[in-house]
Amino acid sequence: MIETDDEIREVLTRARVIAVIGASANPDRPSHYVAEFLKNRGKRVIGVNPGLAGQTMFGEAVRASIADLPPEVDMIDIFRQTDAVPGIVDEALAHLPGLQTVWMQLGIAHPEAAARATAQGVTVIQNRCPKIEYPRLFGR
């Protein structure tokens, strides 16, 4: 598990293609404005939401599921209830060969799913938000 500022800084620096699991088209929802923030920092952001599949957000087609994501996704950012996390992590591990990071948003943590990802060499961050961590660690 990630604990230090240096580790979080490394994750935010290396992430290039981020899938936002539970992306919303509503600009007032955290999943939308965090995704927009990441896009504005030069990241390629792909939303995952079956109800919005095929629509365009952040310059990318929204995908219905993790299985529909391109293999170059290297980070998933989870905006779903904690009980959904194990299935999300397992699907990401199975379908994303380039996965380097599983990020669970504020209020979301799942030690067992985190352990499975870590055992496969994937970095896990729990109960944090990249929109908060990015300016805290890199400045504005």
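Provide the net charge surrounding ALA117, with neighbours chosen by a C-beta distance below 12 Å and charges set as Lys +1, Arg +1, Asp -1, Glu -1.
Its environment carries a net charge of -2.
At 7 Å along the Cα-to-beta-carbon direction for both THR118 and LEU106, put a label point, then send me their distance in nm to one decimal.
Between THR118 and LEU106, the label points sit 2.4 nm apart.
Kindly work out what percent of the DSSP beta bridges joining two residues of the chain are antiparallel, to the nearest 5.
Beta bridges within the chain, antiparallel portion: roughly 10 percent.
How large is the charge dipole for the chain, taken about the Cα centre, if only the Cβ atoms of Lys, Arg (+1) and Asp, Glu (-1) carry charge, to the nearest 20 debye?
Values: 15 positive and 17 negative charges, 96 e Å.
Around 460 debye, computed over the chain.
By how many nm would the segment from ARG14 to ARG41 grow when fully extended, if each residue of separation counts as 0.36 nm and the alpha-carbon distance is taken off? Numbers along the way, then the final one.
Working: separation 27, 0.36 × 27 = 9.72 nm, distance 1.22 nm.
Stretched fully, the ARG14-ARG41 segment lengthens by 8.5 nm.
Name the residue farthest towards the positive end of the dipole of the chain from the options ALA94, GLN120, PRO50, assuming +1 on Cβ of Lys and Arg, -1 on Cβ of Asp and Glu, about the Cα centre.
About the Cα centre, the residue reaching furthest to the positive side is PRO50.
What net charge do the residues around HIS95 carry, taking every other residue with its C-beta under 14 Å from that of HIS95, with Lys and Arg at +1 and Asp and Glu at -1? Show your work: numbers first, answer last.
Values: positive: ARG63; negative: ASP68, GLU72, ASP74, ASP90, GLU91.
With Lys, Arg at +1 and Asp, Glu at -1, the net is -4.
Pop the C-beta distance of HIS95 and ARG140 into the FRET formula with R0 = 30 Å and round what comes out to the nearest 0.05.
0.25
Output the Kirkwood hydrodynamic radius of the chain, Cα pairs only, in Å rounded to one decimal. Don't jump to the answer; show the numbers that get you there.
Working: mean 1/r = 0.0681 Å⁻¹.
Averaging 1/r across every pair of different Cα atoms and inverting gives 14.7 Å.
Just so you know, all these numbers are worked out from the coordinates, no wet-lab data involved. Note that the structure is predicted; figures quoted are calculated from it, not measured. Heads up, the Cβs are rebuilt from the backbone with ideal geometry, glycines too, and the neighbour counts pull from every protein chain shown.
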